[in-house]
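Worksheet: the structure to be examined is printed underneath.
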Amino acid sequence: MLCALTVRNLKPGTADQFMQAFIPEDDTNVPEGWKQFFALKNVGNQDQVITFGFFDGTIEELRAGQQNNDAEYEQRRAAIDEFVESVGADGVFEIVEERSMH
């Protein structure tokens, strides 16, 4: 299982606009392998957001899926550019341990 994660610092007061531009309204066209998506706002700094999703497959399968849906993904990224001040962590991470807490 892989996790694609990006930390973004947004221009002041644009978090809601960012979320509307980045998160598709219709999730019926999600590439195969993607299992969950999360968008988070920092409770101490509403202008910092983290987006991440879980992909069940190999890094090669993830990249192939990105290439197949490249135009749609690039449109979403272009739509958010005006709201992003800077990007922190940005990468694909392998999940090495998973625990459920009770």
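Since every read-out is calculated from the coordinates, none of them should be taken as a lab result. Treat the numbers as computed from the prediction; the structure is a model and nothing was measured. Here Cβ is always computed from backbone atoms with ideal geometry, including for glycine, and neighbour counts include all displayed protein chains.
Selection over region 7-20 of residues that are surrounded by fewer than 14 Cβ atoms within 10 Å (Cβ to Cβ) and in contact (Cβ under 8 Å) with a residue 12 or more places away in the chain gives a count of 2. When residue 22 is tested against the conditions (1) over 18 Å from residue 90 (Cα atoms); (2) out of contact with any Gly (no Cβ under 7 Å at 6 or more places or on another chain), the lone failure is (1). Inspect all residues belonging to region 21-39 and state whether any of them is over 26 Å from residue 97 (Cβ atoms) and crowded, with 16+ Cβ neighbours inside 10 Å. Within region 21-39 (the criterion being over 26 Å from residue 97 (Cβ atoms) and crowded, with 16+ Cβ neighbours inside 10 Å), the answer is yes, since at least one residue qualifies.
Going through region 13-38 one residue at a time, which ones are of a type in the set (D, E, K, R) and outside any strand (DSSP E or B)? Of everything in region 13-38, those that are of a type in the set (D, E, K, R) and outside any strand (DSSP E or B) turn out to be 16, 25, 26, 27, 32. Which number in (1) out of contact with any strand residue (DSSP E or B) (no Cβ under 9 Å at 6 or more places or on another chain); (2) part of a strand (DSSP E or B); (3) basic (Lys, Arg) marks the one condition that residue 41 misses? Of (1) out of contact with any strand residue (DSSP E or B) (no Cβ under 9 Å at 6 or more places or on another chain); (2) part of a strand (DSSP E or B); (3) basic (Lys, Arg), only one is false for residue 41: (1).
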